[in-house]
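Chemist: Pasting in a structure now, in structure tokens, and then I'll have a few things to ask.
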Amino acid sequence: MSTLEQLVRPNIRTLRPYSSARSEYQGIADILLDANENPFDTGFNRYPDPLQRSLKDKIATLKSVAAERIFLGNGSDEAIDLLIRIFCEPGLDHILTLPPTYGMYRVSADISNVAVVEVPLANHFQLDIDAISEAANAQSKILFICSPNNPTANDITLDSIRELLQRFAGIVVVDEAYIDFSAQTSCTTLLDEFDRLVVLQTFSKAWGLAGVRLGMAFAQEEIIELFNKVKPPYNVNQLTQDAVYMALENEEEKDDWVQQIISERENMIQQLPNFKCVEKVYPSQANFVLVRVSAPRDLYQFLINQGVVVRDRSKVLGCDNCLRFTIGNFDENAILLDALQEYDLQND
Ligand SMILES: *Cc1c(COP(=O)(O)O)cnc(C)c1O
């Protein structure tokens, strides 16, 4: 058995997946009487391509990753859930997470009755490689790294990810939901070198398509085949495939949004420290900033009363007294800054 096969749950290794009509016949016959569809054309009377091939071809070009190394899911959240179900035996195996980080890794594990071992991020929210290595054992099937990390907004250095890929024996997932806002190279460039690496990206942030739910996983072909075996046959609907295909025709618009958001982010990072209620603004390579304030609950409620909702992260490990501000457009950010000014005046 290959090292990868050994990591896979035995029932998934031997699983015979559902074979859908559209996966059994892939030609271009004129008369489709194989899937019990309605013959009257609504634009959507046919089942979608279960492997989303035309979309993957476009994404392959965009990301310089072969189409065979791409999985598409109903948001990256589907990929996270599938990874846990592919590799982690409930009640036996566990995942490793590095708090403070994205909450879905734990929720997905909890739903599957898979334990979570937490190894907190260390200095400047970077990896504590020794602590991770010490925490890991044969039951540690997946390590989730988020870079840029949510909610701290920093990149995890590529060198430290590379070192972990060498030292950790399980699957290493690098969640790059915010990579478009970062100056760092994507870990997709490491796929040739490491066959236990999975890189997650999404159309929810930079591409402005959170509503259509499309997430990407990049990995060696054997891992993609496991995803395809376990996923619901038609997990990405036709409306989503069409909307993303169209968005990909206009990459310049995405690049323009990203440039504007980065420039607004730099402006916010410059302005925020001027307020008395702001104690610290953390560096950001994402489309949000983590800000330590004097009275998080009080300020949070004040902002709500001003019609601005931010995210309270003050109870999260390592984020004492912190709020997270998403970077909005110029007008939205100006309203937030005005509200902070007003708060300072009232608390003088
Ligand atoms: C927003 C976000 C995602 C996106 O999830 P989707 O299901 O693709 O919308 C993934 N990971 C992190 C860390 C995020 O913050």
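The values are calculated or read from the model by the stated rules, or taken from the named source; none is laboratory data. Computed from a prediction, not measured in an experiment: that's the story for all the values here. FYI the Cβ positions are ideal-geometry reconstructions off the backbone, even for glycines, and counts take in every protein chain you see.
Chemist: Name the single residue, out of those in the range 136-158 being closer than 24 Å to P90 by Cβ and surrounded by 17 or more Cβ atoms within 10 Å (Cβ to Cβ), that is nearest to the ligand (Cβ to nearest atom).
Modeler: The residue in question is C146.
Chemist: Closer than 16 Å to I179 by Cα and assigned to a helix (DSSP H, G or I): does that describe V244?
Modeler: Answer is no for this residue.
Chemist: Right, here's the next one. Across the range 72-105, what is the number of residues that are within 12 Å of the ligand (Cβ to nearest atom) and of a type outside the set (A, V, I, L, M)?
Modeler: Final tally of qualifying residues: 13.
Chemist: For residues that are buried (at least 20 other Cβ atoms within 10 Å of the Cβ), more than 10 Å from the ligand (Cβ to nearest atom) and either among the aliphatic types (A, V, I, L, M) or in a loop (DSSP other than H, G, I, E, B) (or both), tally how many sit in the range 208-224.
Modeler: 4
Chemist: Looking at F194, F227, F203 in this structure, which one is surrounded by fewer than 21 Cβ atoms within 10 Å (Cβ to Cβ) and on the phi < 0 side of the Ramachandran plot?
Modeler: Unique residue meeting the criteria: F194.
Chemist: Then there is this: Please give the number of the condition M104 fails out of (1) more than 14 Å from the chain's Cα centre (by Cα); (2) modelled with pLDDT of 95 or more.
Modeler: Condition not satisfied by M104: (1).
Chemist: Of all residues in the range 159-191 being more than 13 Å from the ligand (Cβ to nearest atom) and under 14 Å from A286 (Cα atoms), which is surrounded by the fewest Cβ atoms within 10 Å (Cβ to Cβ)?
Modeler: Here the answer is A183.
Chemist: Would you mind listing the strands (runs of 3 or more DSSP E) fully within the range 256-348 where at least 3 residues are touching a Phe, Trp or Tyr at 6+ places or on another chain (Cβ under 9 Å)?
Modeler: Output list reads 288-293, 322-326.
Chemist: If you check every pair at least six apart or on different chains, which have Cβ atoms under 8 Å apart with a residue in the range 7-35 that is within 20 Å of D49 (Cα to Cα) first and a residue that is surrounded by 10 or more Cβ atoms within 10 Å (Cβ to Cβ) and of a type in the set (D, E) second?
Modeler: A21/D34; R22/D49; E24/D34; Y25/D34
Chemist: Return the residues of the range 164-185 that are touching a residue at least 60 places away in the same chain (Cβ under 8 Å) and hydroxyl-bearing (S, T, Y); say none if nothing qualifies.
Modeler: Y178, S182
Chemist: Do we find a residue being assigned to a strand (DSSP E or B) and touching a Ser or Thr at 6+ places or on another chain (Cβ under 7 Å) anywhere in the range 73-83?
Modeler: No, the conditions are met nowhere in the range 73-83.
Chemist: Moving on to the next point. Can you confirm whether the range 127-141 contains a residue that is of a type in the set (G, A, S), assigned to a loop (DSSP other than H, G, I, E, B) and touching a Leu at 6+ places or on another chain (Cβ under 6 Å)?
Modeler: Taking every residue of the range 127-141 in turn, none turns out to be of a type in the set (G, A, S), assigned to a loop (DSSP other than H, G, I, E, B) and touching a Leu at 6+ places or on another chain (Cβ under 6 Å).
Chemist: Ok, one more. Criterion first (in contact with a Gly (Cβ under 9 Å, 6 or more places away or on another chain) and away from the ligand (no atom under 16 Å from the Cβ)) does F44 satisfy it?
Modeler: No, not satisfied.
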